[in-house]
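Inspection log for the structure reproduced underneath, given as structure tokens.
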Amino acid sequence: MSVKHALLALLEKPRYGYELRAEFEQRTGASWPLNVGQVYTTLSRLERDGLVEAGGTDAEGRSLYQLTEAGRVEVKGWFDSPVERTQPQRDELAIKLAVAVAVPSVDVGKVVQQQRNATMQALQGYRRQARSGAGDDLAGGLVLDRLVFAAEAEIRWLDHCESRLRRAAATSTAPEPAEPTEPTDGGTR
């Protein structure tokens with residue numbers, strides 16, 4: 001996820017770092033907490049790159065940041081462009097299972113089952129959040145929906161993995177067809 005672009009978009013009105021962090025977390029349903037140090041480091045880079053500028057202070061003396069014209073163009077380009085899928089993100093679970101099938105001492109079925117249990121718990125948590133009204137605002141609701149759909153998809157994928165593991169195990173344990181042998185009783189063919 002592009003924290004840089006999200007912060008730029010939230011600077012549609014001047015804000016200070018802690019305010020940006022709070023707004024980001026509120027907009028994303030607190031699904032991706034940000035360290036305030038990360039916010040200020042990103043703001044420094046954005047300022048260096050000419051996308052934001054210090055815009056004075058608020059009543060409490062906190063430095064406010066605001067978009068420059070180049071920052072507005074950058075945000076517009078971000079919103080106007082689809083998220084590229086050419087370079088898939090690394091998926092720790094996919095890597096873990098791919099390596100697990102190559103390590104004879106690993107019970108891959110157990111790894112799949114443990115992950116399914118953890119993902120089910122996460123899914124139940126997301127559904128509880130939705131029932132409690134955590135996703136009642138549009139932005140939070142969209143993020144919560146995404147988390148639910150991703151967890152459901154992961155469970156379906158884990159079911160698929162388990163099915164492939166069963167088929168692979170059945171294939172590798174099936175007896176090999178017997179080779180035709182020469183008659184030993186002197187019989188004729």
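The values are calculated or read from the model by the stated rules, or taken from the named source; none is laboratory data. As the structure is a prediction and not an experimental result, all values here were calculated from the model. As a convention, Cβ positions derive from the backbone with ideal geometry for all residues, glycine included, and neighbour counts pool all protein chains shown. These accessible areas exclude ligands, DNA and RNA; they are computed on the full protein's heavy atoms, side chains included. Shrake-Rupley method; radii C 1.70, N 1.55, O 1.52, S 1.80 Å.
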Debye, to nearest 20: dipole size of the stretch 4-80, +1 on Lys, Arg Cβ, -1 on Asp, Glu Cβ: 140
On Cα atoms only, tilt of 108-131 relative to the major axis of the chain in degrees: 40
At 1.4 Å probe size, with the rest of the protein present, what percent of the exposed accessible area of the chain is carbon and sulfur atoms? 53
Does anyone have the angle between helix 69-80 and the longest principal axis of the chain? Alpha-carbon axes, 0 to 90°, nearest 10? 30
Relative to the compact-globule scaling 2.2 N^0.38 Å, provide the ratio for the alpha-carbon radius of gyration of the stretch 4-80. 1.03
Just want the answer: with Cβ charges of +1 for Lys and Arg and -1 for Asp and Glu, which residue in Q129, A151, S172 is farthest toward the dipole's positive end in the chain? Q129
Candidates for mean projected area of the Cα convex hull in nm² are (1) 11.6; (2) 9.7; (3) 19.1, and the calculated one carries label (3)
Cα-based Lys proximity count in the chain, under 22 Å, for pairs eight or more positions apart or on separate chains: 4
What ranking, highest mean first, results for peptides 10-21, 137-148, 59-70 when packing means the other Cβ atoms within 10 Å averaged over each residue? 10-21, 137-148, 59-70
If Lys and Arg each add +1 and Asp and Glu each add -1, what is the summed charge of the other residues whose beta carbon sits under 12 Å from the beta carbon of T119? -1
What dipole magnitude, in Debye to the nearest 20, does the chain give about its Cα centre under +1 on Lys/Arg Cβ and -1 on Asp/Glu Cβ? 260
Projected convex hull area of the stretch 92-173, Cα atoms, direction-averaged, in nm², equals 5.8
